[in-house]
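One structure is given here, and the rest of the page talks about it.
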Amino acid sequence: MSNLDKEIAAARARVERLKEKKRVAEAKERARLAEAILSVLDEIKNNENENADQVSVTALMNRAKAKIDAQNAKRKRAAAKAAARRREANSGATNESGSQPVWGGEQ
């Protein structure tokens with residue numbers, strides 16, 4: 001029974017860690033949305049052709065979400081580019097290591 005109790009305690013601890021991780025992720029997402037909304041409001045304020053008082057909430061949310069989507073796409077492209085560079089560096093290191101001497105002789 002002791003082993004089962006330990007497994008249950010470990011599972012509960014893991015659930016708590018996951019709940020906390022989810023809470024933090026949701027808070028970050030809310031902060032990003034709020035930042036995007038404020039950014040859109042600043043753009044509207046600085047644009048002479050738009051009036052912040054006449055912008056609907058739906059339009060504001062749509063523009064903020066579009067801004068977040070653009071940021072996500074930019075991050076995704078940067079991550080893919082970095083991954084490609086890492087793969088290229090790793091394949092170059094693998095090719096070079098074939099001719100490197102190893103303890104006790106050559107590979």
Worksheet item: What about Val55, is it under 16 Å from the mean Cα position of the chain (by Cα) and free of Cβ contacts under 8 Å to residues at least 40 places away in the same chain?
Response: no
Response to the item:
Only unsatisfied item for Ile68, checking (1) at pLDDT 85 or above; (2) exposed (fewer than 10 other Cβ atoms within 10 Å of the Cβ); (3) of a type in the set (Val, Ile, Thr), is (2)
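Could you identify the single residue in Val40, Val24 that is at pLDDT 95 or above, under 22 Å from the mean Cα position of the chain (by Cα) and of a type in the set (Val, Ile, Thr)?
Details: Val40 fails: at pLDDT 95 or above.
After applying the criteria, what remains is Val24.
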Discussion item. Test of understanding: among Glu29, Glu88, which residue is surrounded by 10 or more Cβ atoms within 10 Å (Cβ to Cβ), under 14 Å from the mean Cα position of the chain (by Cα) and modelled with pLDDT of 90 or more?
Written reply: Glu29
Discussion item. Considering only region 61-81, I want to know if a residue exists there that is of a type in the set (A, V, I, L, M, F, W, C) and not in a helix (DSSP H, G or I).
Written reply: no
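How many residues are among the hydrophobic types (A, V, I, L, M, F, W, C) and closer than 20 Å to Lys28 by Cβ when one looks only at region 39-79? Write out each step before concluding.
Of the residues in region 39-79, the ones among the hydrophobic types (A, V, I, L, M, F, W, C) are 40-41, 44, 52, 55, 57, 59-61, 64, 66, 68, 70, 73, 78-79.
Subsequent filtering for residues that are closer than 20 Å to Lys28 by Cβ retains 40, 61, 64, 66, 68, 70, 73, 78-79.
Qualifying residue count, region 39-79: 9.
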Item to complete: For region 81-90, state whether one or more residues are of a type in the set (Gly, Ala, Ser) and touching a residue at least 24 places away in the same chain (Cβ under 8 Å).
Response: no
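The values are calculated or read from the model by the stated rules, or taken from the named source; none is laboratory data. It should be emphasised that the depicted structure is a prediction, and the values quoted were computed from it without experimental measurement. Cβ coordinates were reconstructed from backbone atoms using ideal geometry, including for glycine residues, and neighbour counts include every protein chain displayed.
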